[in-house]
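No lab work stands behind these numbers, since they all come straight from the coordinates. Just so it is clear, the model here is predicted, and its values are computed rather than measured. When we count neighbours, we look across all protein chains shown, and the Cβ atoms used for this are built from the backbone with ideal geometry, even at glycine.
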Amino acid sequence: MKRTTTLTSLALAAAVAALLPGCSTNTQGDSAAPVFLVGEFTELPLEKLLTDATPLQFKTTTLTNTVKRTGVTTLTFLDVQVDTATVRWTRVDGGTVASPTQTFGVGVVVPANGTSTLSNYPYMSAAELLLPPLDQLYPFNGGIDRETGKSEIIQLGHVTWSGHTISGQAVVSGEATFNMFFTYNGVSVRSGGKLVR
């Protein structure tokens, strides 16, 4: 009797699990949106000098809008109005305190099965360069990250673009990631396009 009850419970659990929606990472365009939006960065700076006191900007960001279904004849309503870009930071240098998440306005339309380019687009504001943990790298705060004991902080920026199709369906891009070295005065030496420490 106990074996029958256990088998019945397992079968019921499997049936319920089959009805639940699966987890989506949206890395292959598996969201409910009819299009898949991705971003790609080119000509990233090797490092961000805090002495610049200017936003962290990339020369070119390319956004690509791919229609998921083939054979769609009317594509105009699948153009994507990109409204915002959200940048979430994580540490990769052993530290635990990362820069705050920040959202920027975009306001560009990416045509269906086409691309649009953002020029000199910001991924961190100048004001955020004064906030923890980067504030520790300024000489008046000691010039050293208290968690790692180094004069640089290395973070990953995770960027997600959000918007909607012209027909009104919400679109959230897959996450694009970049690596950034933050230093106060460029103590890192550039050699052959690489950072030498």
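Available extension along the chain between Thr42 and Thr177 is 47.4 nm, counting 0.36 nm per residue and deducting the alpha carbon span.
Computed FRET efficiency, Cβ-Cβ of Ala170 and Lys59, R0 30 Å: what is it to the nearest 0.05? Once rounded, the FRET efficiency stands at 0.55.
Extension gain for Asp52-Thr76 works out to 4.4 nm (0.36 nm per residue, less the C-alpha to C-alpha distance). Pairs of Cα atoms nearer than 8 Å and 6+ residues apart set the relative contact order; for the range 29-188 it is 31 percent.
Measuring r between the beta carbons of Thr90 and Ala32 and using R0 = 30 Å, the FRET efficiency lands at 0.65. Taking label positions 7 Å along the Cα-Cβ direction at both Arg146 and Val109, the computed distance is 5.1 nm, reported to one decimal.
Computed 3J(HN,Hα) for the range 141-149, one whole-Hz value per residue from the Karplus formula 6.51 cos²θ - 1.76 cosθ + 1.60 where θ = phi - 60°, is 10, x, x, 10, 5, 5, 7, 10, x, glycine and proline marked x.
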